[in-house]
Amino acid sequence: MTGSAPQPVRKVVIVGGGTAGWMAAAALSRLTAAGVAITLVESDEIGTIGVGEATIPSLHDFNRMLGIDEDEFVRATRATFKLGIEFVDWGRRGDRYLHPFGTYGRDVQGLKFHQLWLRQARLAGAMGDVGRLDEYCLSAVAAHAGRFTRPSADPAAVLASLGYAFHFDAGLYARFLRNMSEEAGVTRIEGKVVAVDRDAVTGHIAAVALADGRRIEGELFVDCSGFRALLLGEALGVRFTSWQHWLPCDSALAVPSASGGALLPYTRATAGRAGWRWRIPLQHRTGNGHVYASAFCSDAAAEDDLLQGLDGAALAEVRKLRFVAGVRERLWEGNCVALGLAGGFLEPLESTSIHLIQSGIARLLSLFPDASFAGPERDEYNRLLGLEYQQVRDFIILHYHATTRNDSAFWDHCRTMQIPASLASKIDLWRSKARVIRDQGGLFTEDSWIAVLAGQEAPPASYDPLVDTLSIEESARFMRHMRDLIGKTAAAMPRHEDFIARHCRADLANAA
Ligand code: FAD
């Protein structure tokens, strides 16, 4: 064998201390044991975006990788449990449906459960009432009943089908991860980056310069600087691809309010005249926001809608944010990888931003470069992350497009716009025989697609013809059994607030 051994990366610099920066620091801190120095630079003066309270179940994988105890995490971030998202007024005004985490019924001989349900629903008159599809999903039934417990580890138990994520205070999560990272040897530097020095030969970033004159050198730079994308965008000039023509919302207002009523174990997303409002229950308050398209709605009207929809007193001033949905053309360029808002943003409708951060981190670890920053790792990273952003984008567009709403110019635009071909073919498959094929490596499961398609589309023309190989009577018996079992299992769960009180209530009296 000839050739010299690759030089390992010895210095990693993370710019930004929001959720993305501290998630990256916590995950990369394991490299300190191999002699890699990790430095994080953040600016108190600039601060963080301060929103991002809802997550999806993949966060379990990230927390598990870091060895985080779940009850401790829930207490520290004043979290609640999230069994799904309730969509109100999306397909048409007056409709509501749940996108639950977890699965519908049980697949039979390779056939998705909803196919059986569709056939039996068509026969409903003869076969008795089959009920809503939701009634065959434990997460949905528990969510509607305001109940929660952790899933069973026994795959044969119906309780194993329960999926869940969290609502949390993102600022507290960043603080929690900061403590872990600093304990693991990450160096935090408070300071404002004012310039980025590049190597004259390679064009790679050599150092960032701070306002107080300090210069932080590194080999690998992780850009977590938020929407400005200081390194990947401003310094390296990687362009931003806008998807605003498909996702026209470009503004958000956010305000916390006093908790009102029962602690719901799900997020609520209520569609309005030019966007939608979120309601996210935490242990100590409710997070609220209004995401809207400024081309179709004034800020003042959006604020009125938000404040009128609160179910508790506002606890702070309304914060205003502007954004453009889209992603950088490449998320890894030279010796710089962008995570979080510095890389892209797809609006919070399905709470995917934190997931995309963790996915970027996981892929960075699995494709970790040496100091030559050769092309194959970077290209594969860009391919995988680019695809993931596109898949998430399609799923979010579906919510806006699959509607019969015609009560505003915004909905007329969304309903009639040209959609990506990748999404159009999914909708066609559904409309024909209710088939859903999961993309390879796609984040959203078939059950997630089924939830939104069934929740917003008109009933499909037909169902999978292979369902007719199953006996109608046996299918009816099986479905009755599933519905009964799920109903009883949900009824036996503790109320969401009781579960939290018993296992993981935050110490609010002594909170900082
Ligand atoms: P930021 O929080 O903006 O952090 C940027 C960091 O860079 C800060 O520490 C800042 O001080 C630092 N910085 C910037 N410039 C400099 C400089 N010159 N020198 C030094 N430091 C600098 N995601 C979800 O998963 N779920 C949600 O429910 C959700 N809701 C959202 C709602 C809205 C309206 C928006 C806009 C986003 C939402 N997100 C959500 C996205 C989520 O907020 C972000 O993905 C997440 O907070 C990560 O942000 P970040 O760390 O990339 O950026």
- Note on the structure: the range 192-229 and the range 316-395 have their Cα centres apart by a whole-number Å value of 19 Å
- Message: If you only keep lysine pairs separated by 8 or more in sequence, or across chains, how many in the chain come under 26 Å at the Cα atoms?
- Response: 8
- Roughly how tilted is helix 299-308, in degrees to the nearest 10 and between 0 and 90, from the longest Cα axis of the chain? 50 degrees
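Given a Förster radius of 45 Å and the C-beta distance between ALA156 and THR187 as r, what FRET efficiency does 1/(1 + (r/R0)^6) yield to the nearest 0.05?
On the way: r = 48 Å, r/R0 = 1.08.
It comes to 0.40.
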- Message: Which residue, GLY340, SER359, LEU263, has the largest displacement toward the positive end of the dipole of the range 258-388 when charges sit on each Cβ (Lys, Arg +1; Asp, Glu -1)?
- Response: LEU263
- Query: Within the range 361-444, which trypsin sites (Lys or Arg not before Pro) sit in a loop by DSSP and count at most 15 neighbouring Cβ atoms inside 10 Å?
  - Reply: ARG438
- Query: Just how large is the dipole of the range 251-322 about the Cα centre, in debye to the nearest 20, putting +1 at every Lys and Arg Cβ and -1 at every Asp and Glu Cβ?
  - Reply: 220 debye
- DSSP loop (so not H, G, I, E, B), at most 14 other Cβ within 10 Å: list which trypsin sites (Lys or Arg not before Pro) in the range 1-79 pass both filters. ARG10
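Taking only C-alpha pairs under 8 Å that are 6+ residues apart, what is the relative contact order of the chain in percent? Present the calculation step by step, with values, prior to reporting the outcome.
On the way: 985 pairs, mean separation 114.1, N = 512.
Here the relative contact order equals 22 percent.
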- Okay, helix-only estimate at 222 nm for the chain: each DSSP H run of n ≥ 4 adds -39500 (n - 2.57), divide by all residues, round to 500 deg cm²/dmol; what do you get? -10500 deg cm²/dmol
- How far is helix 19-28 tilted, in degrees, relative to the longest principal axis of the Cα atoms in the chain, given as a value from 0 to 90 rounded to the nearest 10? 70 degrees
- Item | Coil-residue GluC sites (Glu not before Pro) of the range 13-83, DSSP, other Cβ within 10 Å capped at 12 | GLU45
- Message: Between ARG502 and GLN418, what is the label-point separation in nm under the 7 Å Cα-to-beta-carbon projection?
- Response: 5.6 nm
- Taking the Cβ-Cβ separation of GLU303 and ASP370 as r and a Förster radius of 45 Å, what is the calculated FRET efficiency to the nearest 0.05? 0.30
- Across bins of 10 angstrom width beginning at 0, how are the C-alpha pair distances of the range 152-215 distributed, in whole percent? 16, 20, 26, 18, 9, 10, 0
- To the nearest 0.05, the calculated FRET efficiency linking ALA316 and ASN179 through their beta-carbon distance, R0 being 30 Å, is 0.75
- Query: Based on Cα positions only, what radius of gyration and what Dmax would you give for the range 223-274, in angstroms?
  - Reply: 17.4, 49
- Restricting things to alpha carbons, tell me how big the chain is in terms of Rg and Dmax, in Å. 23.8, 80
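Read-outs: derived from the displayed coordinates by stated rules, not from any lab. On a predicted model such as this, the values are computed, not experimentally measured, just so you know. Note that we place each Cβ from the backbone using ideal geometry, even for glycine, and neighbour counts take in every protein chain shown.
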